[in-house]
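Written below as structure tokens is the structure these notes are about.
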Amino acid sequence: MRRSSSGVVVESLESRQLLAAIFSTNSVRRLYTEPIGGDASGSRVVRYKNVTSKSVTIPAGGVVVGGGQASEFKIISNFTLPRGLKPGASIKFSIVFDPPTGETAGIKTGLLTVLTTTGASKSVRLRGIATTGIGGSNEPSLQRILDLYQMPIKVGDSDSSTNQLNEPPLTPNDELAIQRLKKAGAGVVEAYPIAAYVQVVDPAIQFGWYKSGQSGTETELFHLDSTDAQSVNPNAIGSITFDPGTSTFGLYETFPGLGHMTFSEDSLNTWESSSADRHKVRFYPLKNKDGTTTASAYVMAFEDVTAPGVDYQDGIFLIFNVTPA
């Protein structure tokens with residue numbers, strides 16, 4: 001997962017727990033989404049750094065992409081092997097995801113492994129969603145996106161191969177009854193995007209917070225460019241932190257392609273004519289890969305269109321240091 005403020009990339013929670021080894025990496029995984037048979041995705045960079053006090057050598061054949069769908073992940077950067085790395089030196093690999101014509105939609109996996117002449121190695125997971133196209137029913141489901149991130153969260157979807165979510169969701173369903181929030185502790189609140197599937201316009205999404213129950217008090221934090229309108233791991237342009245003080249607050253998202261705001265409080269979503277359909281933001285506990293829950297942290301899933309036919313993956317965000325109000 002990537003967090004960014006004004007274009008600065010920050011390591012994910014998982015990346016902070018790097019194993020003590022010859023190499024450190026700037027990420028434990030790289031995530032992608034791309035239509036089947038189209039152009040390759042944008043590249044993601046994986047950096048391997050020698051964290052020892054001695055020089056190491058990557059031999060010929062020492063950089064390997066393996067795993068389930070290895071051929072769909074391609075290294076496009078130029079490098080020569082064997083390659084020596086002095087203490088503190090790094091080597092970077094630019095990797096794209098390119099599901100070929102005839103592939104089935106769904107999650108595809110690979111594994112980038114770098115070895116040394118001593119036999120030591122370190123791997124980075126490569127995971128991509130192959131889609132049937134852009135927009136509408138071509139988009140991945142909320143469940144599939146969370147599965148890509150390896151978050152063991154259940155959203156109550158009877159068929160994760162389609163974009164639409166059951167309404168109301170089925171069981172098991174981990175959704176929490178949250179509409180308003182407050183700070184959980186000292187410091188700032190942090191929020192950032194992990195996926196977006198909306199119209200390809202610029203900006204594609206504008207995200208911010210507001211005082212509970214008070215439309216017209218919105219404060220924008222960041223936006224997504226059109227290049228991230230259909231993406232996982234999008235780049236937040238702006239600030240990913242804010243301090244609401246002791247006030248209760250809600251979150252909102254604006255979709256310029258549709259011309260309205262979507263609020264975490266159902267009562268403010270008056271652009272939906274039926275009050276029964278105004279529940280447009282779903283909250284889930286943030287679960288780690290091993291099933292443990294991160295305290296004071298949630299996944300937020302936004303819906304931007306009128307019912308029926310909702311999918312709740314128009315904007316997906318993580319938020320930290322909050323508690324339900």
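Tell me which residues come under 5 Å, amide H to amide H, from GLU218 once H is placed; ignore anything under 5 positions away on its chain.
none
Could you work out [θ]222 nm for the chain from helices alone, using -39500 (n - 2.57) per DSSP H run of at least four and dividing by all its residues? Round to the nearest 500 deg cm²/dmol.
-500 deg cm²/dmol
Running a GNM on the chain with Cα contacts under 10 Å, which residue among PHE73, PHE263, PHE242 ends up with the highest mean-square fluctuation?
Of PHE73, PHE263, PHE242, the Gaussian network model singles out PHE242 as fluctuating most.
Could you sort 187-193, 77-83, 65-71 so that the peptide with the highest average Cβ count within 10 Å comes first and the rest follow in order?
The densest-packed peptide leads the list: 187-193, 65-71, 77-83.
I need the shape label for the range 141-324. Rule: rounded when a/c is under 1.5, else prolate if a/b > b/c, else oblate, with a, b, c from the alpha carbon gyration tensor.
It is rounded, given that a/c, with a ≥ b ≥ c, falls under 1.5.
Please get the size of the charge dipole for the range 208-287, origin at its Cα centre, with Cβ charges of +1 on Lys and Arg and -1 on Asp and Glu, quoted in debye to the nearest 20.
240 debye
What is the Å³ per residue value for the convex hull set by the Cα atoms of the chain?
137 Å³
Could you give me the ³J(HN,Hα) list for the range 253-269, computed from phi with Karplus coefficients 6.51, -1.76, 1.60 and θ = phi - 60°, whole Hz, x at Gly and Pro?
3J(HN,Hα) across the range 253-269, in whole Hz: 9, 10, 10, x, x, 10, x, 9, 9, 10, 10, 6, 8, 3, 5, 8, 8.
Could you give the distance between the Cα centres of the range 250-325 and the range 132-171, to the whole Å?
15 Å
How are the Cα pair distances of the range 197-283 distributed, in percent, across 5 Å bins from 0?
It works out to 3, 14, 22, 24, 20, 12, 4, 0, in whole percents.
Between ALA186 and ALA89, what length comes free when the chain is fully extended (0.36 nm per residue of separation minus the Cα-Cα distance, one decimal in nm)?
Separation in residues times 0.36 nm, less the Cα-Cα distance, equals 31.2 nm.
Once phi is turned into ³J(HN,Hα) by the Karplus curve 6.51 cos²θ - 1.76 cosθ + 1.60 with θ = phi - 60°, what whole-Hz value does each residue of the range 112-123 show in order, with x for glycine and proline?
In residue order, the calculated couplings are 8, 10, 10, 10, 10, 5, 7, x, 5, 8, 8, 10 Hz.
Obtain the nm distance between the two label points defined at THR80 and ASP290 by a simple spin-label model: each point lies 7 Å from its Cα along the Cα-to-C-beta direction.
It is 4.4 nm.
Could you work out the relative contact order of the range 78-203? I mean the mean sequence separation of Cα pairs under 8 Å and 6+ apart, divided by the number of residues, in percent.
It rounds to 15 percent for the range 78-203.
So for the pair SER215, ALA276, with labels modelled 7 Å out along Cα→Cβ, what separation do we get in nm?
So the two model labels end up 2.2 nm from each other.
In the chain, with Lys and Arg counted as +1 and Asp and Glu as -1 at Cβ, which of these residues, GLN150, MET300, ALA276, has the Cα nearest the positive end of the dipole, that is, farthest along it?
Sorting the options by dipole projection puts first GLN150.
What is the Cα coordinate range of the range 135-244 on the first, second and third principal axes, sorted by size from largest, in whole angstrom?
If we take the Cα atoms of the range 135-244, the spans are 38, 32, 27 Å.
Taking θ = phi - 60°, what integer Hz values does the Karplus form 6.51 cos²θ - 1.76 cosθ + 1.60 yield along the range 163-175, in sequence order, with x for Gly and Pro?
Using θ = phi - 60°, the values come out as 6, 7, 9, 3, 10, x, x, 7, 9, x, 8, 8, 4 Hz.
Values quoted throughout were computed directly from the atomic coordinates according to the rules given, and no laboratory measurement underlies them. All figures in this text were calculated on a predicted structure; none of them were measured in a lab. As a convention, Cβ positions derive from the backbone with ideal geometry for all residues, glycine included, and neighbour counts pool all protein chains shown.
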